[in-house]
Structures are given as C-alpha cells and as structure tokens.
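First up is the structure itself, then whatever we jot down about it.
The values are calculated or read from the model by the stated rules, or taken from the named source; none is laboratory data. The structure presented is a predicted model; accordingly, all values stated were derived computationally and were not measured. Heads up, the Cβs are rebuilt from the backbone with ideal geometry, glycines too, and the neighbour counts pull from every protein chain shown.
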Amino acid sequence: VPDAPTAAGDPIADTPERATLRATVRRLVADVSPPARTYALDEAEQFDDLLHGALAELGLLAVGAPERVDGGGDVRDQLVVVEELAAGPTSMAAFLIAQYAVTQVLAAYGGTDEHEHLLRELVGGRTLLSFALSEPAGGTDVARVMRTRGEPRPGGGWRLNGQKMWTSGATLASHIVVLARTSAWERSPVQGVTMFLVPRTAPGVEVRTIDTFGIHGMSTCEVFLADVDLPADAVLGEVDQGMRQVFATINREGLNATAACIGVGRGALDVVLPHVREREVFGRPIGAHQAAQHRLVDGAVALESARSLMVRAAEVEVAGGRADVLASMAKLVASEAAEQITLTGMQLMGGLGYTREVPLQRFFRDGRLWSFSPLTNEVVRNRIGEQHLGLPRSS
Ligand SMILES: Cc1cc2nc3c(=O)[nH]c(=O)nc-3n(C[C@H](O)[C@H](O)[C@H](O)COP(=O)(O)OP(=O)(O)OC[C@H]3O[C@@H](n4cnc5c(N)ncnc54)[C@H](O)[C@@H]3O)c2cc1C
C-alpha cells in the first residue's frame, strides 16, 4: 500500500499513532474493497456488508464513541478513517459520517438502558441508525419550514406525523433519529423542536428510496410518518431542545465531510496521475504539458490547504474550543478542491475519463454531495462572512 498519493513523499504528516491507523484502514480497503468490488457494488447500488463488518471488527465504528461502550479516540481519528474510505469506497465514508453523528447523539442524549444497548449494537456493527432532519420543504432552513409534528398523547408518549427527506441509509436502519416540531416558536425557529428515536418498523413508518446522482453504495430515502405512536422515553435529550442538540454535532459532521472530500480528491489523483505520467500527446506525457500539470498542482495544493484547516479545526474542537470558522473554511476549500480535481481528472483522461469503469466520474458524483451537505457552501460562506469578517448577517 503506498504511503502517499504521489511520488513526492507523504504530505499528510500524521502522528505515529494516526499513521498506523491510516495504514490499517488503507490495508482494509485494499483487501476487502478493492476498486473492482467498489465498482461492482456501486453499479448494483448495494451496501457493502462485508466492509461494514470488517470496520466493526477492527473497532472503527467505535472511533469517537465513549469508553463505556468500548469506544476510543476522537474526531481526529474519525477524520483519518473517513478520508481513507472516501479515497476508495466513498459511499462507506458517507455512511460512516452519518453513523458517527448518530453515535454522538445517542451517547450524549440517550437516557435509558435500551438506548445504551442500541449504542453498543451500533458501534459493534450489529445495527445501523439513520438521522432524519431534512424535509421536502427545505434542508438549509429546515427548522423554519419543519412540518413534521410531534404531539403529546393523552395517556403519555408522543404521536408523530410528517415526512423526512434525504435520510441516509434508512432502508438499512433499525431506528431513525427524527427531528419534529413539538412547540411553536417565537424568537427563533431553533426553539420547539424535539429529537425522537423511532423504530423503522413501527406502525406508520414508511421508507422509500430516492434515485440519487451519487453515493450509490448506500440508500438515500424519504421517510413517511403517519400517526406513529411512541413511548415517552423515545425522546432523546430534552423536549423542545432538539435543534440545539443537532448543532452540537454539526461541526464534527462538517469536519468529517472535509475529510471525505480530501479522500475523494486523493482517490481521483491516484487514478489520473499514473495515466498522465504514461500517456503521450504530441510526443510527451500529458502530465509534462504545463497546462495540464498546473491544474493538478492547484488541486493538490487546495487539498493540503484544506487538510491544514481541518486539522487545526479538529485540534480546537478536541481542546474544547469553538471551531466554527476553521471547520467552515476547511469544508469549503475541500469540497471545491474535490470538484476541481475530479473534473480536471476526467478532462485529462479524455474518453477514458468518460467511462463508468474508470472511477473519476463516480468520485465526481459522490464528492458533489459535500458542496451542499451537511450545509450548503453558500451558507458556509455566509457563516465565514459573519463570524470571521464581522460582516452583517447575510441570507
Ligand atoms: C445523498 C444525500 C444524503 C443526505 N443525507 C441526509 C441525512 O442522512 N439526514 C438529513 O437530515 N439530511 C440529509 N441530506 C440532506 C442534505 O443535508 C440537504 O440536501 C442539505 O442540507 C441542503 O438542503 P436542500 O437539499 O433542501 O437544499 P435547499 O435548502 O433547498 O438549498 C438549495 C440551494 O439553495 C441555495 N442556497 C441555500 N441557502 C442559500 C443562501 N443563504 N444564499 C444563497 N443561496 C442559497 C444553495 O445553492 C443550495 O444548494 C442528504 C442529502 C443527500 C443528497
């Protein structure tokens, strides 16, 4: 397994422990999910159970989870795992980002023995969970337009009605974390939303798959909720505080999205570089033409810039500080770099870059997700404008 995406040496500069972790994940991907398997599963739109099982066996689903459920490590370790997966079977990286987020939510806001049991099952790879925030009327300003309602039932417990959209992996999940409006809001739409743990097989829950452009190794779903009755202890955390609880996870999700984009960019470079070193046009390798080389160099520099921002943001987060601006900058640079590199790669490979078997188009399709998710790059720019430059809040 090569140490670095290029012949120029390893620009990653991990600590020795993280370098070992990275090598472990790289080896796992090479052994269990080599490019031919990733291609076949992606074409068949199938989840890779084998890889998921192998990740669980190595304890990689428990990275960042509390020690009480045999977890360990922190977001800096998650970033390594996500990046290495994204450089190969990218859908599994997208899946893991969602699993790490629900693990964080369940660890922080679960309160019952059943929640704790579920957390163990989750990090042990014996069950999967989904996270349903976005709705048909909006993802960016979902709290303002949220139509899913949770109403207290006369004898106790709650009744949910509504619809969720773009829920990752819901066909595979045993439970779905659902955000629903439980009180009207006055000053801010962030008020009055509650987080519920909903069994996917509960009466009234229906899941349908959406035909998406990328991330074909994991389902993306609509979730319909019609008179779904839940016990009182289905609430995660505090009633009416669900959005604030989500905000506690969003920076980490953004950082993991950054790692995924860096992985996508690296994976694409791994495909295109050998080609442009060998194949000649006008008697010289494509990569010897400056117009080609500079575009790849710009992409590589942007990736490593994103990595520096990401690592700084992660260090701040681990030290208990606020990393909003750094994390926003990292996600912005990384998602744009991934897009530039995959497009450049397809161009430089000509007809080959247009085939499905060469994964550049898949990296492009998969990487596109993070230009608008978990937050759109427009909103990310707004955050940087407001929080870093002190500009008036824009919309
Ligand atoms: C494959 C996939 C998996 C997903 N997984 C999940 C999941 O597991 N759980 C979940 O809850 N959600 C999930 N999502 C949803 C994702 O988080 C949303 O797509 C994202 O938040 C954007 O919301 P939206 O699609 O409703 O776009 P909208 O909110 O409608 O925004 C559309 C576009 O409007 C523009 N825009 C938005 N705001 C501004 C602004 N302030 N200024 C200028 N332009 C603006 C941007 O170009 C933006 O892309 C997933 C989506 C996909 C495609």
Checklist line | Condition check for residue 111: within 12 Å of the ligand (Cβ to nearest atom), of a type in the set (Gly, Ala, Ser) and modelled with pLDDT under 95 | finding: no
Next item on the list: Can you confirm whether region 71-89 contains a residue that is polar (S, T, N, Q) and within 16 Å of the ligand (Cβ to nearest atom)?
Entry: no
Next item on the list: Select, from 140, 201, the only residue that is within 11 Å of the ligand (Cβ to nearest atom) and either in a strand (DSSP E or B) or surrounded by fewer than 21 Cβ atoms within 10 Å (Cβ to Cβ) (or both).
Entry: 140
Notebook entry, point to check: residue 51 passes all but one of (1) surrounded by 18 or more Cβ atoms within 10 Å (Cβ to Cβ); (2) within 24 Å of residue 358 (Cβ to Cβ); (3) at pLDDT below 95; (4) not small (Gly, Ala, Ser); which number fails?
Noted result: (3)
Checklist line | Positions within region 347-382 being of a type outside the set (Ser, Thr, Tyr), within 16 Å of the ligand (Cβ to nearest atom) and not in a helix (DSSP H, G or I), in sequence order | finding: 372, 374, 375
Next item on the list: Give the residues of region 120-137 that are in a loop (DSSP other than H, G, I, E, B), more than 15 Å from residue 49 (Cα to Cα) and more than 6 Å from the ligand (Cβ to nearest atom), sorted by residue number.
Entry: 136, 137
Next item on the list: Identify, by number, the condition in (1) among the basic types (Lys, Arg); (2) within 16 Å of the ligand (Cβ to nearest atom); (3) loosely packed, with under 13 Cβ neighbours inside 10 Å that residue 284 doesn't meet.
Entry: (2)
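Sort out which residues of region 211-246 are part of a helix (DSSP H, G or I) and within 15 Å of the chain's Cα centre (by Cα), and write them in order of number. First the steps, then the outcome.
In the first step, residues of region 211-246 are kept if they are part of a helix (DSSP H, G or I); the result is 232-234, 242-246.
246 - this is the single residue of region 211-246 that is part of a helix (DSSP H, G or I) and within 15 Å of the chain's Cα centre (by Cα).
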Next item on the list: Search region 369-380 for residues that are touching a residue at least 60 places away in the same chain (Cβ under 8 Å) and pair each with any residue that is surrounded by fewer than 16 Cβ atoms within 10 Å (Cβ to Cβ) and in a loop (DSSP other than H, G, I, E, B) when their beta-carbon atoms are under 7 Å apart and the residues are at least 6 apart or on different chains.
Entry: 376/140; 379/140
Margin query: Let me spell it out: the conditions are (1) closer than 19 Å to residue 313 by Cα; (2) within 11 Å of the ligand (Cβ to nearest atom); (3) touching a residue at least 40 places away in the same chain (Cβ under 8 Å); (4) not basic (Lys, Arg), and residue 385 meets all of them except one. Which number is the exception?
Written below: (3)
Note to self: Looking for something part of a strand (DSSP E or B), of a type outside the set (D, E, K, R) and at pLDDT 95 or above - is there at least one such residue anywhere in region 315-331?
What the structure shows: no
Item checked: Contacts under 9 angstrom Cβ, first residue in region 95-106 being within 15 Å of residue 166 (Cα to Cα), partner polar (S, T, N, Q) and away from the ligand (no atom under 12 Å from the Cβ), 6 or more apart -> 97/78; 97/256
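If I filter region 204-216 down to residues being within 16 Å of the ligand (Cβ to nearest atom) and of a type in the set (D, E, K, R), which single residue comes out as surrounded by the most Cβ atoms within 10 Å (Cβ to Cβ)?
The residue in question is 208.
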